[in-house]
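Comments concern the structure below.
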Amino acid sequence: MDAKLSQLAALSQKDKTAGCLALLSDVLAQSNQGSAPNDLQLLVDTVVNQESVGFVVGRQVLAELVKSLSVGTIADHDLRKRIIQDTLNVLQPRTVIYEEQVNALRFQLADLLEAEEEWTEAARVLMGISLDSGSRSLPDDEKFRIYIRIIRLLLEDEDSVQAETYYNRAASLSNSTADRETLLQFKLCQARINDYSRKFLEAAMRYHELSWAADIDEEERKELLSSAVTCAVLAPAGPNRSRVLASLYRDERSSELQTYNILSKMFLDHILRPGEIKSFEQTLKPHQLARIAISSNDRLASTVDDEESSLTNTSKRTGPSTVLDRAVMEHNLLASSKIYNNITFRGLGALLDLSPGAAETMARKMIEQGRLKGSIDQVDKLIWFDGGKEEDDAQGKAGGLGDVEQTTEDTGAPLTKRWDMQIRITAANVEAIVQHLAVKGLLVTTASSV
């Protein structure tokens, strides 16, 4: 190879282009491709770094090398990868001159790394592409596609922090393309970033929206719907989550999902039991099982000594330990507000498996944030729930389930009104069950004895 390069250096300037291209073809066509990486590195180093060759010849040789590599002249995956990496190392000090060829090689290297499932490394290779240089600026739609690809690669390795940085760059270019597939990928990236960032409510809405896209395969849409349900379950309890749960519960496709049982129980404000939580936990991804820290103020408030904390059957837990733990506790607290008029700190703690102080802290925060209607009586150690209209509006009416007119007798006593309403609802539910059994033919009537 050294002898051939010496002969090349002796050629006149006008013959050097043809000579370099001929030598490149010989190296690529040789039967023993094991020596190709070293030979190509010497050739590239010669055409790039020797002043006698010139960058015009260098660009033509590199363009031909890029073309040959892209069409599979070097079939072996590892050899191709090594050649591209060696070439990029040689070109590193002269990236500005050979920018177009460097970018093309980076795209090829990213493809090879992605095939090896080296997601982060592939993303870093793409990050090195110059998108806004003075000599060659890429159009906005191409930049947008590159940013989306970087985001998707980073999310494969769950690097949501860096992915969000590139998502913010892509968001400013989202109007630069009308390509449907690219925009769907962008929305999916947004949903996944919200998911990894624990913005579960926003993620659930995005996943559900994408699950209706006709351009996505049926199996993928089902997976998106399942992700929407999972994120809705993990979202903070309150009126906003109730709206999302109502939308998912009314979706006919949800009944086919593995997580439909917990979706229906959450929507209907049923208290969740440990066995149901355990089965749902097995469907979660690692980032959805992340542990959460309890603030020092909450920990202090949860461990205040009183006569109840010394009882042997009182839980010593000072707060939820995981995202799922918190979501279930908040849901059970909200569900208990639909069952009870009031509850003691100790009773709520037993329901949530928390110390009385920790149960009070959780209720106080939900009341402060407007996610629970009620008040706290610290003297009697009671939590009073404000039941009725506002919560029904948040879940039923805003969820699209419509208004139900109820005519009640004005007794002038609010607690009596609530009691009458509970009797009315219970009787209506029993009547509905009897009618359902009659339709199914499961109702057996017995003749009365004389």
> Got a sec? Which of E99, E121 is outside the structural domain of L42 (by the TED database) and either more than 15 Å from L65 (Cβ to Cβ) or surrounded by fewer than 17 Cβ atoms within 10 Å (Cβ to Cβ) (or both)?
Replying inline: E121
>> I216 - would you say it is among the β-branched types (V, I, T), touching a helix residue (DSSP H, G or I) at 6+ places or on another chain (Cβ under 8 Å) and farther than 27 Å from S336 by Cβ?
In response: yes
> Taking the stretch 210-250, which residues are within 30 Å of I367 (Cα to Cα), open to solvent by 10 Å² or more (accessible area, probe 1.4 Å) and of a type outside the set (S, T, N, Q)?
Replying inline: P236, P239, R243, V244, Y249, R250
> Yes or no: K143 open to solvent by 30 Å² or more (accessible area, probe 1.4 Å), within 30 Å of F186 (Cβ to Cβ), part of a helix (DSSP H, G or I) and at pLDDT 90 or above?
Replying inline: no
>> Could you tell me how many of the residues in the stretch 347-367 are surrounded by fewer than 21 Cβ atoms within 10 Å (Cβ to Cβ), more than 30 Å from the chain's Cα centre (by Cα) and not aliphatic (A, V, I, L, M)?
In response: 1
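Out of the stretch 51-61, which residues are surrounded by 15 or more Cβ atoms within 10 Å (Cβ to Cβ) and either among the β-branched types (V, I, T) or closer than 18 Å to K4 by Cα (or both)?
Let us first name the residues in the stretch 51-61 that are surrounded by 15 or more Cβ atoms within 10 Å (Cβ to Cβ), namely 53, 57-61.
Matches in the stretch 51-61: V53, V57, G58, V61.
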> Looking only at the stretch 241-283, which residues are touching an Asp or Glu at 6+ places or on another chain (Cβ under 9 Å) and among the polar types (S, T, N, Q)?
Replying inline: S242, N261
> V304 fails exactly one of the following numbered conditions: (1) β-branched (V, I, T); (2) modelled with pLDDT of 70 or more; (3) touching a helix residue (DSSP H, G or I) at 6+ places or on another chain (Cβ under 7 Å). What is the number of that condition?
Replying inline: (2)
> Quick check: is even one residue across the stretch 187-203 closer than 27 Å to E118 by Cβ, surrounded by fewer than 21 Cβ atoms within 10 Å (Cβ to Cβ), touching a residue at least 12 places away in the same chain (Cβ under 8 Å) and more than 13 Å from the chain's Cα centre (by Cα)?
Replying inline: no
> List the pairs whose first member sits in the stretch 78-99 and is more than 18 Å from N49 (Cβ to Cβ), whose second member is in a helix (DSSP H, G or I) and open to solvent by 30 Å² or more (accessible area, probe 1.4 Å), and whose Cβ atoms are under 7 Å apart, counting only residues at least 6 apart or on separate chains?
Replying inline: L79/Q33
>> Tally up the residues in the stretch 242-286 that are in contact (Cβ under 8 Å) with a residue 24 or more places away in the chain and not in a helix (DSSP H, G or I), please.
In response: 11
> Of the residues in the stretch 189-229, how many are farther than 18 Å from T283 by Cα and outside any helix (DSSP H, G or I)?
Replying inline: 9
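So which of G402, G387, G370, G396 ends up being at pLDDT below 85, surrounded by fewer than 17 Cβ atoms within 10 Å (Cβ to Cβ) and either over 39 Å from the mean Cα position of the chain (by Cα) or in a loop (DSSP other than H, G, I, E, B) (or both)?
G402
The values are calculated or read from the model by the stated rules, or taken from the named source; none is laboratory data. All values derive from a computational prediction rather than experimental measurement. A quick note on method: Cβ atoms are made from the backbone with ideal geometry, for glycine too, and the neighbour counts reach across all protein chains shown. With ligands, DNA and RNA removed, areas are computed over all heavy atoms of the protein, side chains included. Shrake-Rupley method; radii C 1.70, N 1.55, O 1.52, S 1.80 Å.
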